Structures are given as structure tokens and as C-alpha cells.
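Quick notes on the structure that follows.
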Amino acid sequence: MTGRTGPVPLLQMVLRVEHDIFVVRQRGREVAAGVGLEHQDQVRMATALSEVARDLLRATGGADVTFSLADDAVDGRRHLRVELAPVGPLPGGRYEPQSGAVARLVDSLGVVTGEGDTVVRMSRRVPVTAQPLTPEQLAELRAQLGRNAPGSALDELTVQNGQLIAALDEVRSQRDELAVLNEELAETNRGVMALYNQLTEELEETNRGVVALYAELDEKSAQLRAASESKSRFLANVSHELRAPVTAIIGLGRLLSDSASDPLTAEQARQVGLIRSSAADLLSLVNELLDLAKAESGRIEPDWAEVDLRPLFGQLRGTLRALATRPDVELVVEEPPVPATLRTDEVLLGQVLRNLLHNGLKFTEHGEVRLRAERRDDRWWLSVSDTGLGIAPEQHERIFEEFYQVPGKTRVGGTGLGLPYARRLVTLLGGTLEVSSEPGRGSTFTVSLPVGGA
Ligand code: ADP
């Protein structure tokens, strides 16, 4: 039930005979227009009113009709309210409109009982867009409604006919609009279907392209693999073949400079010395090439075993001391923390660490070169750090390329094959080899290996 706050009666009238139904309808529309209801709502209100009026006239012999404006307690909005107080008792004290659709024409329709009276009340919201009426305008509206003489039933019928025609027109135009909409919808559907088909085709086309691309990629990587294998094979063969003659040159050089041979002039001895040292360089290059080729072709099979780092570190300490000839550079091999074991190939790991330590000693003029082992989780971190020249960040990856040497001061001896080989070996052992370095502050090469092997 809706509450009411100070309804303002606008018009009162009586409903006693059939003709009054027309009058009630006509006045209802006038009041609705007066308070600002839209045209459609005026017709709805008037129609609902005439239906209810007819029902009450038949069931109770008539009613007193009051139009008023009321603020609804529930939604706080202004409503046009019509109360029809029946002159006789409502059958069963209830009211049901004959046509069920009537209730839908208004916002509320029902029986209200208050202060002993039973009235049928209907109401319709005044749109928010309607200007609220000032008290003066209300008084004026009330006066005007009071002045208007009710028209005849025929007048109301004419108006009603006009409304009916307008409503029919509207229905027709809505039907036409609906047909247009349906047509548009069908058109859109056709468009969507065409788009979908086109997309599907494009997708299939793209898929075919991708598949072809992958096939090409597979082929290219097979070619690449084959090329890399033949490069390794070539390197291995050439270096193997070179080893014998180079070793022979070294041997012959040694023989020539042997005290048991014919004595050489000083110049000859110097030249033989040059031949021997060049041959020794060549031999170490050939050996390194052979090692790398072997590692690349997968011909190195790690010999897995439980390795103790302590004897390995001891060995490195001993052999590399001979290379640490600079008085300002100290070689420090720390004792690894116990238990210092891991599953790996001792010989290969020894080669890697020796290589790194050797580099450290080569490129450090003051300070130290340090080997230390640290165990974290299930990995060993073996680091070789030095206080030498350091390496610029843009060279950090390049130094792992074959034959690459940082241009400038560090290009002293060497082949540029040591680090790529070391990284290959560490990969074979299931680990990684990384560098961190800053020019002028030194470098740290870190080998990380899983405790349990690859
Ligand atoms: P090589 O030592 O035979 O030249 P490597 O592959 O071992 O070849 O090293 C490649 C290059 O990386 C070296 O020529 C050098 O320029 C640089 N490099 C390697 N280790 C160090 C280091 N500890 N400090 C500074 N530069 C280094």
C-alpha cells in the first residue's frame, strides 16, 4: 500500500449513470494533461479510469471520483491519484478489474481502506521531466477544471476514435519498424556469416603457411646440423693430421739444438729457437682445436664418478703455481667446504678450472686470482675471480665465441678457443659457465654444477 502525504484534490465528480463514464474519461485526460503526464500516459490513465468506472457503476451503482496530486511515500515521486469511492458496498469487499490489462495501464491500482471508507485507487507517476506546479499554478488548474463544462458522450467518442486511430497508426508503424529491423538483422547475419567464412579461410591459409614454414625450418635446422657436424669433422681431421708433422718439427728442432749435434752459430740457434716456439704454439692451437671439435661432435663422453673437490683443488694449486710468475699476483685456491663431493668427470672439470685460472693469471698484473667453491641447495658454485683488466659488458658473450679475443692489451698469445671449449665441457657436465666483470676491477667466471651430475 502506498502512503500519502497531503494530497491536493484537483477535481471531484460523481459517477451515477452510463453517460458519466464518458465524462469521467474525458475529465481524467484533462487532469492528466494538466499535471504534466505525457500524451501516451494521458490516454492510458483515461482508458483505465473509464474501465474502472464502468465496473464500479455496474457492481455498486456508482462512485464519487476524486482527482488529486500526491507525493508517494515509497519512491518520493509525485503521482496523479484518482480515488473512486463506490456508493454501494463492493461485492466481497474486493475489486478485480474485468479486463486484466487495465492494471498495467497505471502504476498502481487497488482497493484502499482508511477511516471506514473503502475506495478504489489508481495512480500514475508524473514524469520527472514535467515542471513541478507552483501552488498558484495548481490553484489555476483547479479553477480551470472547475470551469470546463463536460462535453457530450459523442464528443468524447470522437476524441476516443481519434485516439484509437492514432494508436492503430502507431501499432502499424511499429510493425513496419520491426520488419525493417528484421531485415537489417538478417542482413547483418549474412554479413557476419560471410566474415566468419572469410576469417576461417584466412586462418586455414595462415595455418598452411605456418606448417610450410615449420617444414622449411626443420629442413634448415637439419642442414645446419649437418654443416656443423661436417665443420667439426673437418676440424678434427685437419688438426689430427697436423699434429704429427708439427710434433715432428718440434722434435727436429730439439735435435738441431741438442748439444750432441753439430754446433750452431748464434744466429742459427736463435732461428731454431724461433722455429721451436712457433711449432709449440701451433701444436697447442691444434690440440685445442681437436678438443673443441671433439666436444662439439659429442665425442666426449664424461666419465661420471663421485669426485672430491679437495684433492682436485690441491692439484690445481700445485700445477698452476708454476704459472703464477708475476711477483705482484697471488694465486689463492681456497679449501672447499666439506663434504666437498659431487658427481662429475674429474678430468673435464679439472680442464675447465685450469683454463679459467690460467686466463686469470694471464690477464692480471696486480692483486690476486682466487678459486673458491660454495655449495648452495643442490648445486656447487665454483668461481675463479681475478683483480685484472676486466671485460666490458658488450664483450661478455662474445668471449665465448670461437677465436674471439678482446681487442687491445689482452690479445697476448692464446687462441680464443679456451672459453668456448670450457663452456662446452661445463654444458656436457650439466652445468653453466657465466662471467661477471667490470673493466678495471677484475672478472669472475662462475661454473655452476648440479651435485648429482647431469
Ligand atoms: P685465449 O685466452 O686463448 O685468448 P679464451 O677463449 O680463453 O682465449 O679467452 C677469450 C678472450 O677473453 C681472451 O682473449 C681475453 O680477451 C678475454 N678473457 C678471458 N679471460 C679473461 C680474464 N680473466 N680477464 C680479462 N679478459 C679475459
If we keep just the residues of region 331-353 that are free of Cβ contacts under 8 Å to residues at least 60 places away in the same chain and of a type in the set (A, V, I, L, M, F, W, C), which is surrounded by the fewest Cβ atoms within 10 Å (Cβ to Cβ)?
Val338
Look at Val180 and say whether it is under 30 Å from Gln26 (Cα atoms) and open to solvent by less than 100 Å² (accessible area, probe 1.4 Å).
no
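Before we move on, is Ser230 surrounded by fewer than 13 Cβ atoms within 10 Å (Cβ to Cβ), closer than 24 Å to Glu296 by Cβ, under 60 Å from the mean Cα position of the chain (by Cα) and of a type outside the set (D, E, K, R)? Full working, then the answer.
On the way: surrounded by fewer than 13 Cβ atoms within 10 Å (Cβ to Cβ): yes; closer than 24 Å to Glu296 by Cβ: yes; under 60 Å from the mean Cα position of the chain (by Cα): yes; of a type outside the set (D, E, K, R): yes.
The answer is yes for Ser230.
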Given (1) in contact (Cβ under 8 Å) with a residue 40 or more places away in the chain; (2) assigned by TED's automatic domain parsing to the domain that holds Thr47, where does Thr113 come up short, assuming only one miss?
(1)
Specify the residue that is nearest to the ligand (Cβ to nearest atom); the eligible residues are those in region 432-454 that are open to solvent by 70 Å² or more (accessible area, probe 1.4 Å) and in a loop (DSSP other than H, G, I, E, B).
Pro439
Checked region 388-403 for anything assigned to a loop (DSSP other than H, G, I, E, B) and either within 7 Å of the ligand (Cβ to nearest atom) or touching a Leu at 6+ places or on another chain (Cβ under 8 Å) (or both); matches are Gly388, Leu389, Gly390, Ile391, Glu402, Phe403
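Of everything in region 356-383, what is of a type in the set (Lys, Arg) and more than 25 Å from Val338 (Cβ to Cβ)? Give them in sequence order.
Filtering region 356-383 down to residues of a type in the set (Lys, Arg) leaves 362, 370, 372, 375-376, 379.
Result: Lys362, single match.
Can you confirm whether region 271-283 contains a residue that is open to solvent by less than 80 Å² (accessible area, probe 1.4 Å), within 14 Å of Gly418 (Cα to Cα), at pLDDT 85 or above and under 60 Å from the mean Cα position of the chain (by Cα)?
Initially, region 271-283 is screened for residues open to solvent by less than 80 Å² (accessible area, probe 1.4 Å), giving 272-273, 277-280, 282-283.
Okay, now just the ones that are also within 14 Å of Gly418 (Cα to Cα), so none.
The answer is no, given that none of the residues of region 271-283 is open to solvent by less than 80 Å² (accessible area, probe 1.4 Å), within 14 Å of Gly418 (Cα to Cα), at pLDDT 85 or above and under 60 Å from the mean Cα position of the chain (by Cα).
Per-residue answers, yes or no, for (1) aromatic (Phe, Trp, Tyr); (2) in contact with a Phe, Trp or Tyr (Cβ under 6 Å, 6 or more places away or on another chain); (3) loosely packed, with under 10 Cβ neighbours inside 10 Å; (4) at pLDDT 85 or above:
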site: Leu199; (1), (2), (3), (4): no, no, no, yes
site: Lys220; (1), (2), (3), (4): no, no, no, yes
site: Val238; (1), (2), (3), (4): no, no, no, no
site: Val246; (1), (2), (3), (4): no, no, no, yes
site: Arg254; (1), (2), (3), (4): no, no, no, yes
site: Ala266; (1), (2), (3), (4): no, no, yes, yes
In this structure, is Leu429 surrounded by 15 or more Cβ atoms within 10 Å (Cβ to Cβ), under 41 Å from the mean Cα position of the chain (by Cα) and more than 8 Å from the ligand (Cβ to nearest atom)?
yes
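Results for (1) assigned to a loop (DSSP other than H, G, I, E, B); (2) in contact with a helix residue (DSSP H, G or I) (Cβ under 7 Å, 6 or more places away or on another chain), shown as yes or no for each residue.
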{"residue": "Asp291", "(1), (2)": "no, yes"}
{"residue": "Ala295", "(1), (2)": "no, yes"}
{"residue": "Arg299", "(1), (2)": "yes, no"}
{"residue": "Gly318", "(1), (2)": "no, no"}
{"residue": "Glu330", "(1), (2)": "no, no"}
{"residue": "Pro336", "(1), (2)": "yes, yes"}
{"residue": "Val352", "(1), (2)": "no, yes"}
{"residue": "Glu365", "(1), (2)": "yes, no"}
{"residue": "Leu382", "(1), (2)": "no, yes"}
Please indicate, with yes or no, whether at least one residue in region 144-153 is in contact with a Phe, Trp or Tyr (Cβ under 7 Å, 6 or more places away or on another chain), in contact (Cβ under 8 Å) with a residue 12 or more places away in the chain and of a type in the set (A, V, I, L, M, F, W, C).
yes
What's the number of the condition Arg376 fails, among (1) over 27 Å from Ile300 (Cα atoms); (2) within 13 Å of the ligand (Cβ to nearest atom)?
(2)
Quick check on my filter: what residues within region 354-364 are open to solvent by 20 Å² or more (accessible area, probe 1.4 Å), in contact with a Leu (Cβ under 8 Å, 6 or more places away or on another chain) and not aromatic (Phe, Trp, Tyr)?
Arg354, Asn355, His358, Asn359
Of the residues in region 408-426 that are of a type outside the set (Val, Ile, Thr), part of a loop (DSSP other than H, G, I, E, B) and closer than 21 Å to Leu282 by Cα, the one that is most open to solvent (accessible area, probe 1.4 Å) is Arg411
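The values are calculated or read from the model by the stated rules, or taken from the named source; none is laboratory data. Bear in mind the structure is a predicted one, so any value in this text is a computation, not a measurement. In this analysis, Cβ positions are derived from the backbone assuming ideal geometry, glycine residues included, and neighbour counts consider all displayed protein chains. Note: accessible area is taken over every heavy atom of the protein model, side chains too, but ligands, DNA and RNA are not part of it. Shrake-Rupley method; radii C 1.70, N 1.55, O 1.52, S 1.80 Å.
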